[in-house]
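The structure under discussion appears below in the form of structure tokens.
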Amino acid sequence: MKLKSVLLAMSVALSFNAYAQAPIVIKFSHVVATDTPKGQAAERFKQLAEKATNGRVKVEIYPNSQLYKDKEELEALQLGAVQMLAPSLAKFGPLGVKEFEAFDLPYIFPSKTALYNVTEGEIGKGLMKKLEPKGITGLAFWDNGFKVMSANKPLHEPSDFKGLKMRIQSSKVLDAQMRALGANPQVLAFSEVYQALQTGVVDGTENPPSNMYTQKMHEVQKYVTVSNHGYLGYAVIVNKKFWDGLPADIRTALDKAMKEATTFEKAIAQRDNDLALEAIKKAGKTTIYTLSVKEQADWRKALLPVQKDMEGRIGKDLISAINKEAAK
Ligand code: LMR
């Protein structure tokens, strides 16, 4: 009897010890290639976080939809099956946080500076706050860039989109954008886009060049138009219960690592997109076209009304607050 309780005490102590030594694991799932702004920044965060916590935290990155596709990853985060994600801002609608779709409004950001005025100011903070009741904490906004359009026919004027099946992310603003061009929008998970383009399930798509190139979409799209009609960026988010339950010193170290990874991400995003566009050109399968001044004006005329049409969904006040910040 006595021996039994000694053994029991020993095994409790042993397992406690093992528990105390086991690192805190952060599973970070995302849908793009490692060689993208988001993919590289995730790697940088891992290095910084593991170093700053002396290995008490281990970050496991699962890129390229290896673990979960778009919609599944948000569910997995809420359930605690993964701890960290960086979905594009166009994917928060299904969570019930429609305001994030403001970032999808055509021509809402005339420049990156205008964008940062929003993400780094009060509007950005307010948007992140909206995630808390969903069991999610927002840590940072990460950048990608302005989108290009692609198809197997030249896309110069809005009328060129008539009847085209265009893949979009799950954002009602993007749905309205494609309809304003006369196209038929279709929501597809990012991991399914290449095949859908290849088999003709959809005719075209939009994305920053870094996403297009790393998924080889240019191999199945003959024409790319540099239109800069809209923006694609990310929110880095964590499961709130997990985050709040971390020891305070760990959370502080991770916050610092995230700040540094964010600075890195912003510094590489534009360059990555410029290089990707060059690489698409070099691959020689795709004609790259830049809109003329007149065509740009025609696109704006077709797409700007989407800002007004979406007031009911996004909120008139939010749209005008963003426009005001962007104009500073
Ligand atoms: C897309 O689905 O097109 C993008 O959101 C992918 C990404 O995460 O950049």
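Please state, rounded to one decimal and in Å, the Kirkwood hydrodynamic radius that the chain gives when every pair of distinct Cα atoms enters the mean of 1/r.
Hydrodynamic radius (Kirkwood, Cα pairs) of the chain is 21.0 Å.
Which whole-Hz couplings ³J(HN,Hα) result when phi for each residue of the range 242-258 is put into the Karplus expression 6.51 cos²θ - 1.76 cosθ + 1.60, θ = phi - 60°, listed in order with x for Gly and Pro?
Per residue, the Karplus-derived 3J(HN,Hα) values read 4, 5, 5, x, 6, x, 4, 5, 5, 4, 4, 5, 5, 4, 5, 4, 5 Hz.
Could you derive backbone 3J(HN,Hα) for the range 94-99 from the dihedral phi with the Karplus parameters 6.51, -1.76 and 1.60 (θ = phi - 60°), listing whole Hz in sequence and x where the residue is Gly or Pro?
x, 6, x, 10, 5, 4
For the range 97-146, what is the accessible area per residue in Å², given a 1.4 Å probe and the full set of protein chains?
Accessible area per residue: 35 Å².
What ranking do 258-269, 237-248 get when scored by the average of other Cβ atoms within 10 Å per residue, highest first?
Highest mean packing first, the order is 258-269, 237-248.
Helix-only mean residue ellipticity at 222 nm, the chain, DSSP H runs n ≥ 4 weighted -39,500 (n - 2.57), per residue, nearest 500. What is it?
Rounded to the nearest 500, it is -14500 deg cm²/dmol.
Note down the magnitude of the dipole of the chain about its Cα centre, charges +1 on Lys and Arg C-beta and -1 on Asp and Glu C-beta and zero elsewhere, to the nearest 20 debye.
Value, rounded to 20: 440 debye.
Report the one residue of SER150, TYR116, MET166 whose Cα lies farthest in the direction of the positive end of the charge dipole of the range 102-197 (charges on C-beta: Lys and Arg +1, Asp and Glu -1; origin at the Cα centre).
The Cα lying farthest towards the positive end belongs to MET166.
Can you grab the distance from the C-alpha centre of the range 184-220 to the C-alpha centre of the range 119-145, Å, no decimals?
What the calculation gives is 27 Å, centre to centre.
Using the Kirkwood formula on the Cα atoms of the range 216-323, what hydrodynamic radius do you get, in angstrom to one decimal?
18.3
Measure off, as a whole percent, the carbon and sulfur share of the 1.4 Å-probe accessible area of the chain, all protein chains present.
Looking at the chain in its full context, I get 55 percent from C and S.
Just to check I understand the Karplus step: with θ = phi - 60° and J = 6.51 cos²θ - 1.76 cosθ + 1.60, what whole-Hz values come out for the range 311-328, glycine and proline as x?
4, x, 8, 8, x, 4, 5, 5, 4, 6, 5, 5, 4, 5, 4, 5, 7, 5
Give the total of Lys-Lys pairs in the range 44-125 with Cα-Cα distances below 24 Å; include a pair only if its members are 8 or more places apart or on different chains.
15
Search the structure for amide H atoms under 5 Å from the amide H of ILE26, placed 1.01 Å from N in the peptide plane, and list their residues when 5 or more places away or on another chain.
Residues meeting the criterion, in which the H sits 1.01 Å from N, are LYS58, VAL59, GLU60.
Along Cα→Cβ, 7 Å out, is where each label goes; now give me the distance between the ones at ASP317 and LEU275 in nm to one decimal.
Taking the two extended label points, one gets 4.4 nm.
What spacing in nm lies between the two simple spin-label points modelled at GLU72 and LYS294, each 7 Å away from Cα in the Cβ direction?
4.9
The values are calculated or read from the model by the stated rules, or taken from the named source; none is laboratory data. Since the model is a prediction, treat every value here as computed from it, not as a measurement. When we count neighbours, we look across all protein chains shown, and the Cβ atoms used for this are built from the backbone with ideal geometry, even at glycine. Ligands, DNA and RNA are stripped out before the accessible areas are found, and what is left, the full protein with its side chains, is counted by its heavy atoms. Shrake-Rupley method; radii C 1.70, N 1.55, O 1.52, S 1.80 Å.
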